[in-house]
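What follows is a short report on a single structure.
What follows is calculated from the coordinates using simple rules that are stated; it is not laboratory data. Remember, it's a predicted structure, so these values are computed and weren't measured experimentally.
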Amino acid sequence: MSSFAASRRLVSIARHSFRQRNFATNSALLKEQNLNAFKLYTAGTPNGRKVSILLEELKGLYQHEYEVEKIDISKNTQKEPWFLKMNPNGRIPVLVDRLRDEFVVFETGAILLYLAQHYDKSLRNFSFDPNGQPNDYSTMLQWMFWAHGGLGPMQGQANHFQRFAPVDIPYAKKRYLEETERLYGVLQMRLETREYLAGPDKGTYSIADINAYPWIAGHGFCGIENLDSWPALKAWFDRISERPQVQAGMQVPNLQ
Ligand SMILES: N[C@@H](CCC(=O)N[C@@H](CS)C(=O)NCC(=O)O)C(=O)O
C-alpha cells in the first residue's frame, strides 16, 4: 500500500470510530430522554411501508428503535406548514434521524439509501458496497430508479383512476392499469432466473427489493386480482412475504 493510500485508510478508520463514538453518545442521550433513534412520519401506503420494512429489518439487526407518527393524508396533514418544513413536496414518508442531529430525509429512495449508508454500512445486509461491488451497487440503483420512475407512479395513477377520481375516465383507467401490468412483466423477466433484483448469482435481498415490494403487495387495490400471470414475480413476492420483518413493516402505522 502506498503511503498516501495508507494515510487515507487511517483517516477513514479514524472517521469511522469517531462516528461510532458519536452514535454511541447520541444513543445513550436518547435513551436517557426516552427517545427512539428515528421518527417516521407515515401512512399505510406502499411508499410509507418501504421505509417501515427497512426500519424493522434494521431494528432486528441493530436494535435501533423508531417511533411513528401517523399522517392522515385524506385530511391533507402532509400539506400543513409544519410538515412542508420537513418535506416541501408535502408527501409521506419523512424520516427524522435523532442519532444524527435530527437530520430530515424525504423521498423513499433517498431514505432507503440513507439508512443503508449510515446504519448498515459495514455489514451491508441490505445494499452493496459502491466501491467494492460497483456493478451490484449500480444494478441495485437501476432497479430503484426504475421503480421510482415507473412502478410507483404508474400504479399510483392506476389506483387513482380506479378508486379516487371524481369522474369515470375509462381511457385513463385502462392506460395506467395496462402500464402497471407491463411493468409487472418487466419484473417477471428479471426474476425468471433470479431470486432477488440485484446482487451476484441469483441475487441477494436488498433495498432494491424492499423498494418494489409494497407496490406489488398492493396489486389488488388497482384491480389486479392475483399475480398468476407473473409466476417468477409471484415467487419473489412470496419469498419476501415470509420475512417477519417485512410482515411487521407492512403493519405500520396501523399497529403503532
Ligand atoms: N416520490 C415520493 C412519493 C411519495 C408519495 O406519493 N406519497 C403519497 C402516499 S403513497 C402521499 O403522500 N400522498 C398524499 C399527497 O399526494 O398529498 C416518494 O417516493 O417518497
Item checked: Beta bridges per DSSP with both ends in the chain, % antiparallel, nearest 5 -> 60 percent
Checklist line | Filter on Lys59/Lys79; Lys79/Lys121; Lys174/Lys202; Lys50/Lys121 - keep pairs with C-alpha separation over 27 Å | finding: Lys59/Lys79; Lys79/Lys121; Lys174/Lys202
Check: So what is the 222 nm mean residue ellipticity for the chain from helices alone, if each DSSP H run of at least 4 adds -39500 (n - 2.57) and you divide by all residues, rounding to the nearest 500 deg cm²/dmol?
Finding: -16500 deg cm²/dmol
Margin query: Output needed for the chain: three equivalent-ellipsoid semi-axes, defined as square roots of 5 times the C-alpha gyration tensor eigenvalues, in descending order, whole Å.
Written below: 33, 25, 16
Next item on the list: Determine one quarter of the surface area of the Cα convex hull of region 134-249, which equals its mean projected area, and express it in nm² to one decimal.
Entry: 7.3 nm²
